[in-house]
Amino acid sequence: MGVLAVVGMVLIAATAHADQLQVAAGTAYALGSGRTQLNCGTLTINGTLQGQTGTGAGLGSVQILGGLLQGDAATFLVSGTWNNAGTFDAGSSTVKMTNACTSSLVISGDNRFCTLEVDAPGATLSFPEGETWATCKLVLKGAPGAPLNLVSSGIRSMVLSLGLFHR
């Protein structure tokens, strides 16, 4: 496949396939109503990604480095790392984490999710110590004999806020 690098503004209304998607600083990428499939690749955001009503699928890693991810009403299917070192505006979006690409899942950075679903029997979900998540809806799924393990990388606690939140 290769790398899809965004220069300017791109709107997807069908399906785009790539191994990586890089949204550079000063550029914008909109999922529109379409589907962007990364085949366990990395989504790197230094510019602006607008979720709109689209789907980001097969995301092995989401790296919000200095940019903005506007969740809008989109769905993001992630199997790997969700790293928010920029700005994530969840809107009414859903982030679904699975173990399709790896059994080691990581959420880092302070995040306010609208809906966070982790459906990863036998996987481990890790988070750095001292970080805060807020979510309106949280779904955690393992399976008999294959639990979903939640692990902190340090000795400090993680704060998880459930319910409505104000932006």
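The values are calculated or read from the model by the stated rules, or taken from the named source; none is laboratory data. Here the structure is a predicted model, which means the values were calculated and not measured. As a convention, Cβ positions derive from the backbone with ideal geometry for all residues, glycine included, and neighbour counts pool all protein chains shown.
This table checks each residue for (1) on the phi > 0 side of the Ramachandran plot; (2) touching a Phe, Trp or Tyr at 6+ places or on another chain (Cβ under 9 Å); (3) in a strand (DSSP E or B); (4) modelled with pLDDT under 95.
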position	(1), (2), (3), (4)
Leu38	no, no, yes, yes
Gly56	no, yes, yes, yes
Val62	no, yes, yes, no
Asp72	yes, no, no, no
Phe76	no, yes, yes, no
Trp82	no, yes, yes, no
Phe88	no, yes, yes, no
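Mind checking which residues of region 77-100 are of a type outside the set (Val, Ile, Thr) and closer than 20 Å to Pro121 by Cβ? Let's see the steps before the verdict.
Applying the first criterion (of a type outside the set (Val, Ile, Thr)) to region 77-100 yields 77, 79-80, 82-86, 88-93, 96-97, 99-100.
If the condition is that a residue be of a type outside the set (Val, Ile, Thr) and closer than 20 Å to Pro121 by Cβ, then Leu77, Ser79, Gly80, Trp82, Lys96, Met97, Asn99, Ala100 are the ones that fit.
Any residue at all in region 41-54 that's under 22 Å from Gly122 (Cα atoms) and either part of a strand (DSSP E or B) or touching a helix residue (DSSP H, G or I) at 6+ places or on another chain (Cβ under 8 Å) (or both)? Yes; the residues of region 41-54 include at least one that is under 22 Å from Gly122 (Cα atoms) and either part of a strand (DSSP E or B) or touching a helix residue (DSSP H, G or I) at 6+ places or on another chain (Cβ under 8 Å) (or both).
Pairs are defined by a Cβ separation below 9 Å, a sequence spacing of at least 6 or placement on different chains, a first member in region 102-128 that is over 12 Å from Leu150 (Cα atoms) and outside any strand (DSSP E or B), and a second member that is aromatic (Phe, Trp, Tyr) and at pLDDT below 90; the pairs so defined are Asp110/Trp133.
Flag: Asn46 does not match the condition of being surrounded by fewer than 20 Cβ atoms within 10 Å (Cβ to Cβ) and at pLDDT below 90. Scanning region 139-155 for residues that are modelled with pLDDT under 85, in a loop (DSSP other than H, G, I, E, B) and in contact with a Pro (Cβ under 9 Å, 6 or more places away or on another chain) yields Ser153, Gly154.
The number of residues in region 115-124 being under 16 Å from Val62 (Cβ atoms) and crowded, with 19+ Cβ neighbours inside 10 Å comes to 4. Pairing residues of region 71-92 that are free of Cβ contacts under 8 Å to residues at least 24 places away in the same chain with residues that are part of a loop (DSSP other than H, G, I, E, B) and among the hydroxyl-bearing types (Ser, Thr, Tyr), at Cβ distances under 6 Å and at least 6 apart in sequence or on separate chains, gives Ala73/Thr53; Ala73/Ser92.
Taking the conditions exactly as written (at pLDDT below 95 and of a type in the set (A, V, I, L, M)), does Ala120 satisfy them or not? Step through it out loud before you land on a result.
Values: at pLDDT below 95: yes; of a type in the set (A, V, I, L, M): yes.
Yes, satisfied.
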